[in-house]
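The block underneath contains the structure these notes are about, expressed in structure tokens.
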Amino acid sequence: MKVASYVSRFRFLQLCVVFLHGVATAESFQSEQSLGEPLVKKYAANEGSEGMNELQEVIGEVIEDHFPDCHLLVIKETDDVNMDFFLRNLQMRNRPFVLVTRLLMMQVIKESQTAHLSDYFLIGRKTTGCRAVVVYLPDSSNSIFSNFLQILNISKNPYIKVLGIGLPGGERDFLMSHALRNTIHALYFSMVLSSREGQSPEAGLGNRLVTSQNREGSIRVYLRCLFCDAGNSQVILTDTWFPKTGWKYERNFFPDQFKNFNGHTLRMAVKSFFPFADFIPDTDEPGSSVQFVDCLEVRMLREMARKLNLTFRAFLSVDDEWGQPIGNGSWTGLVAAMMKEDADFGTCLFPSAKRNAVVDFTRMYAPEPFLIVTLKPQLLPRYLAIIRPFTMTMWAAVVASSVVVGLSFWVLHKGWLDISSRLKEPRQGRDMGPPEESSISHAIFYTWGLLFQQTPFKNPSYFFGRLWLACWMIFSFLILTTYKSALIASLSVPQMSEAVDSIPQLLNQKGWTWGMEPHYSVGWQFLTESTNPDNQMVAKTLGVRDIADEMKLVSKGKHAFFTWKNYVKSFIAAEYTDKNGYTPMHISRQHYLETSGSYWGCRKGAPFLRTIIDIKQHLFEGHLLELWLNQIFRETATRARDKKGDTAYVQEDRKQIVLSLNHLQGAFYAYFIGQLLALLALITECLQKRCLTSN
């Protein structure tokens, strides 16, 4: 606390130095500005005034009891009130505070240094924790505190506590000030100067004060009740302090005002995004009001309306967009409606770094990742079944091995013949190798014959040849057994094409296209503004179509659709799912923008934001949102199937596989190709022999 006190004093000295240049002109400035009558006429504005000291002491006790750890911004609108007693009381309790005079406020309003001043006066800094404002008001109509607080953006910090001190009758002007329109905890303290005050009903309060409450020297405390007047704000007298007896009711000056909204109407800017938001516009005009139909949003709204006793009015944005920046701090769509405070909420709006700067967001109530929709893996061509058991790398290795082994056998055979001839050993009728002619072609064909398990017609008679033959036959047996097993498995179980589960896999597909809807929202920014090379390649040829056209292209194959998970699941359930629940569409396992989901955007400073967040949290923890979402999926699919009748998408029966000529067509193709090659070889040999004979 001492450190905070020293820091506050140092900042106060800095503030004094910054604005000392205005002190020289203070006298002439005050002569031009009418400060009105003194705040307390009966009690002289001197340090020893008992009534003034009591008022300041009561204010100090309220501050100490209700927000003892708050940083204070003390605004003194009039110089006719001596606040030394109050300020010394704060210093004795080591309370950090900043004092602002009327002259200083005038200079702040003139210069409008919003960013610096908000930080300096502890309003815009979120690290300071609790904050409170104490305002001493003059008895005049030219009060400037409202403009000053507006510059400090106090309307965007609804939980800052504001205490006003002034004359009786000024409570409505203070508590209903536009600067305090979002402030939840605002009080007004006024001192009764005469027992004749308050004998008639006070304007806007509807309560007649009894004589005991008009006792001279008593202090009244007024509270702005946010929803007391049929959902509208109202000023009420909450308690009275008497010099000898103290508080009459000992009421809580800062009650929870969000248990009952008394029918308050929240304005909601909406855009269709099923299954979260779905509605029917009342007219075709821009900004038309809408009527919700069954969707996740309307179920949540009904639950909130039941618990909080509030109502909702939904309407379209003028341009029917989610919200994109258009320069000069302006936005389009739902974001623009909330920035202008035409709407309290914007439904189903995804956050981003730019949107967070101008709009507040509730908690995410339904994850909505960004993903890829493609056609499910299709059956591979049957004519390739005979080569499919091995990969191309494996086939290349087998062919290369047979060639290398054939060449090695030829070298071995030729080398043995050379050695035998040098040693002049008689062959004595022994056969040195399978072919009588020691040629490379005979060696390679002999090796391939063993690979295909053909019985060798001649075996090597020497030791190294028999050893070579045994090793190659074992290798051929293993390779052929593996191939047969894989071939039977591939023929029995249908072989499918590769599923597309990520952007790199999509880019590796030849002849594919991709696209997305013309929403130009967070998903669009993810692809077009990303520094990832894969995303940039996708963005170069990204098509833009509505969901119906995109899904038609997907159903034809070799097309990918970038979209949101639950949004597309509902469309697939309605349009591309048969009565047995089968769908030909594949949703990628790789999800992008995992932190994205369905939020409610909210105008900055909305006082009921935390209450809405708490209700959503209870619904989420109770798994009601998940239950409702699954119900909507099922009901949507049922209605769509009933409407369109039989569907063209029927799941193939794969319980029993019977091998047929269709499965073996690859073998027949290979057989006929082999016969054709043999015929061509025969014709070539005949032609070659005829040519040699003629020569």
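The values are calculated or read from the model by the stated rules, or taken from the named source; none is laboratory data. Values in this document were obtained by computation on a predicted structure and should not be read as measured data. Every residue, glycine as well, gets a Cβ built from its backbone with ideal geometry; the counts of neighbours run over all protein chains shown. These accessible areas exclude ligands, DNA and RNA; they are computed on the full protein's heavy atoms, side chains included. Shrake-Rupley method; radii C 1.70, N 1.55, O 1.52, S 1.80 Å.
Note on the stretch 286-310: residues that are open to solvent by less than 10 Å² (accessible area, probe 1.4 Å) and among the acidic types (Asp, Glu) total 1.
It is to be established whether one or more residues within the stretch 587-609 are part of a helix (DSSP H, G or I) and modelled with pLDDT of 90 or more. Yes, the stretch 587-609 contains at least one residue that is part of a helix (DSSP H, G or I) and modelled with pLDDT of 90 or more.
The criterion of at least 1 residues that are within 20 Å of the chain's Cα centre (by Cα) is met by the following helices (runs of 4 or more DSSP H) wholly inside the stretch 501-557: 503-508, 522-528, 533-540.
Annotation for the stretch 232-254: at least one member residue is at pLDDT below 85, within 28 Å of GLU57 (Cβ to Cβ) and within 40 Å of the chain's Cα centre (by Cα).
Whether any residue in the stretch 394-403 is loosely packed, with under 12 Cβ neighbours inside 10 Å and at pLDDT 75 or above is what I want to check. Checked the stretch 394-403: at least one residue is loosely packed, with under 12 Cβ neighbours inside 10 Å and at pLDDT 75 or above. Within the stretch 216-229, is even one residue outside any strand (DSSP E or B), over 21 Å from SER177 (Cα atoms), open to solvent by 40 Å² or more (accessible area, probe 1.4 Å) and at pLDDT 55 or above? Yes: one or more hits.
In the stretch 328-341, the residues that are on the phi < 0 side of the Ramachandran plot reach residues that are in a strand (DSSP E or B) and open to solvent by less than 10 Å² (accessible area, probe 1.4 Å) with C-beta atoms within less than 6 angstrom, at least six apart or across chains, in these pairs: LEU334/ALA269; LEU334/GLY346; ALA337/ALA269; MET338/GLY346; MET338/GLY601. When residues in the stretch 158-176 are screened for being buried (at least 18 other Cβ atoms within 10 Å of the Cβ) and part of a loop (DSSP other than H, G, I, E, B), 5 of them pass. Among the residues of the stretch 141-152, is there at least one that is modelled with pLDDT of 85 or more and touching a Phe, Trp or Tyr at 6+ places or on another chain (Cβ under 8 Å)? Within the stretch 141-152, not a single residue is modelled with pLDDT of 85 or more and touching a Phe, Trp or Tyr at 6+ places or on another chain (Cβ under 8 Å).
So is VAL399 over 16 Å from CYS471 (Cβ atoms), part of a helix (DSSP H, G or I) and of a type outside the set (Ser, Thr, Tyr) or not? Here the answer is yes, as VAL399 does meet what is asked. Annotation note: of ALA277, ALA314, the sole residue that is touching a residue at least 60 places away in the same chain (Cβ under 8 Å) and of a type outside the set (Val, Ile, Thr) is ALA277.
For the stretch 603-635, the set of residues classified as among the aromatic types (Phe, Trp, Tyr) and open to solvent by 20 Å² or more (accessible area, probe 1.4 Å) consists of PHE620, TRP628, PHE633, listed by residue number. Exactly one residue out of ARG267, ARG313 is in contact with a helix residue (DSSP H, G or I) (Cβ under 9 Å, 6 or more places away or on another chain), modelled with pLDDT of 90 or more and open to solvent by 50 Å² or more (accessible area, probe 1.4 Å): that is ARG267.
One line per residue, one yes/no per condition, for (1) within 15 Å of TYR592 (Cα to Cα); (2) open to solvent by less than 10 Å² (accessible area, probe 1.4 Å); (3) among the hydroxyl-bearing types (Ser, Thr, Tyr); (4) modelled with pLDDT of 90 or more:
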{"position": "PRO518", "(1), (2), (3), (4)": "no, no, no, no"}
{"position": "LYS540", "(1), (2), (3), (4)": "no, no, no, yes"}
{"position": "GLY543", "(1), (2), (3), (4)": "no, no, no, yes"}
{"position": "ALA548", "(1), (2), (3), (4)": "no, no, no, yes"}
{"position": "LYS552", "(1), (2), (3), (4)": "no, no, no, yes"}
{"position": "LYS558", "(1), (2), (3), (4)": "no, no, no, yes"}
{"position": "ASN566", "(1), (2), (3), (4)": "yes, no, no, no"}
{"position": "LYS569", "(1), (2), (3), (4)": "no, no, no, no"}
{"position": "GLU575", "(1), (2), (3), (4)": "no, no, no, no"}
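The residues in the stretch 238-263 that are of a type in the set (Ser, Thr, Tyr), loosely packed, with under 13 Cβ neighbours inside 10 Å and in contact with a strand residue (DSSP E or B) (Cβ under 8 Å, 6 or more places away or on another chain) can be counted, and the count is 1.
For VAL522, state whether it is at pLDDT below 90 and among the β-branched types (Val, Ile, Thr). So VAL522 fits the description; yes. Looking at this structure, is SER485 out of contact with any Asp or Glu (no Cβ under 7 Å at 6 or more places or on another chain), at pLDDT below 85 and either open to solvent by 50 Å² or more (accessible area, probe 1.4 Å) or polar (S, T, N, Q) (or both)? Yes; evaluated as a whole, the condition is true for this residue.
The set of residues in the stretch 321-339 being surrounded by 18 or more Cβ atoms within 10 Å (Cβ to Cβ) and assigned to a strand (DSSP E or B) consists of TRP331 alone. Filtered by the rule that a residue be surrounded by 17 or more Cβ atoms within 10 Å (Cβ to Cβ), in contact (Cβ under 8 Å) with a residue 60 or more places away in the chain and assigned to a loop (DSSP other than H, G, I, E, B), the stretch 57-108 gives PHE67, CYS70, GLU77, THR78, ARG95, PRO96.
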